[in-house]
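Only the coordinates and a few stated rules stand behind these numbers; no lab work does. A quick note: this is a predicted structure, and the numbers were derived from the prediction, not measured. Because the Cβ atoms are built from the backbone with ideal geometry, glycine has one as well, and the counts that use them run over all protein chains shown.
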Amino acid sequence: MRAAIISDVHSNLAALETVLSIIEAEQVDELWCLGDLVGYGADPERCVEILMDRCDVTLAGNHDLVVAGAIDMSVFTHDAGTAARWTAKVLSETAMEQLKTLLPFGERNEVELYHASIRDPIWEYVVDPGTAAACLALQTHNLALIGHSHVPLVYAMAQGEMLLAGYAEEGTLEMVEGTRYLINPGSVGQPRDGDPRAAYLVLDFDRRTATWRRIGYDIAAAQQAIIEAGLPRSLATRLSDGR
């Protein structure tokens, strides 16, 4: 079995469509999304529609939960708050109801799935070895996937020793039996590692590999959509910077 993993689309239709077109050529068996379908970008309706139709597993991210009303809108300030309020206003009733069905955690094929972390599936950022080690210790399976930080990351632990900790470059990792892994595929719609290209992950369960991929997309189109929607210009600018 092979699965493509995406996360943090954030209403970026240009990035999502490009990534999904590439994933089709991967001939994967399943598509999993780790949350934050909406927020920041200008095409929440279409992104929700596509993801709910195409994904075999879809989690809720913190932005999805805020827009859907499960978390009070006041937790977001500045540009995030502006985008969340706009998104809640423009989403159809159908899309809103679909968001309300999602949870920030799940499990598939003996892989633990969390939008943020096992300790706090909604808010905790796992971006350092100490936090990762605490999360790895709580895993019941050898592999867990997370999103939320918008950065491709990999942490691995065996017999209490951290073997891998940090940024995941493009390429393939062979996962060793008996080792626990905590993996972030990176972000489709708003990468924050200084590389503006969309990120996704392919898991091959037969070969026990994880492959990080990056793909360029029409950033200018995504930026123009944000500006035309009347959203903060900074949300458009940051797409070019990968921040």
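Descriptive notes on the structure:
- Residue 145 being in contact (Cβ under 8 Å) with a residue 12 or more places away in the chain and buried (at least 16 other Cβ atoms within 10 Å of the Cβ): yes
- If you go through segment 198-232 and pick out every residue that is among the charged types (D, E, K, R) and touching a helix residue (DSSP H, G or I) at 6+ places or on another chain (Cβ under 6 Å), you end up with 1.
- The residue list 42, 60, 83 contains one member that is touching a helix residue (DSSP H, G or I) at 6+ places or on another chain (Cβ under 8 Å) and in a helix (DSSP H, G or I), which is 83.
- All positions within segment 44-90 that are surrounded by fewer than 19 Cβ atoms within 10 Å (Cβ to Cβ) and touching a Ser or Thr at 6+ places or on another chain (Cβ under 7 Å): 45, 52, 79
- Considering the conditions (1) surrounded by fewer than 19 Cβ atoms within 10 Å (Cβ to Cβ); (2) out of contact with any Phe, Trp or Tyr (no Cβ under 9 Å at 6 or more places or on another chain); (3) closer than 29 Å to residue 68 by Cα; (4) of a type outside the set (Gly, Ala, Ser), residue 174 is excluded by exactly one of them, (3).
- Within the option set 236, 199, 158, 168, being free of Cβ contacts under 8 Å to residues at least 40 places away in the same chain, among the small types (Gly, Ala, Ser), surrounded by 13 or more Cβ atoms within 10 Å (Cβ to Cβ) and within 25 Å of residue 60 (Cα to Cα) holds for one residue only, 236.
- Breaking point among (1) buried (at least 19 other Cβ atoms within 10 Å of the Cβ); (2) part of a strand (DSSP E or B); (3) under 17 Å from the mean Cα position of the chain (by Cα), for residue 126: (2)
- Selection within segment 161-209 - part of a strand (DSSP E or B), aliphatic (A, V, I, L, M) and closer than 30 Å to residue 235 by Cβ: 182, 183, 198, 199, 201, 202
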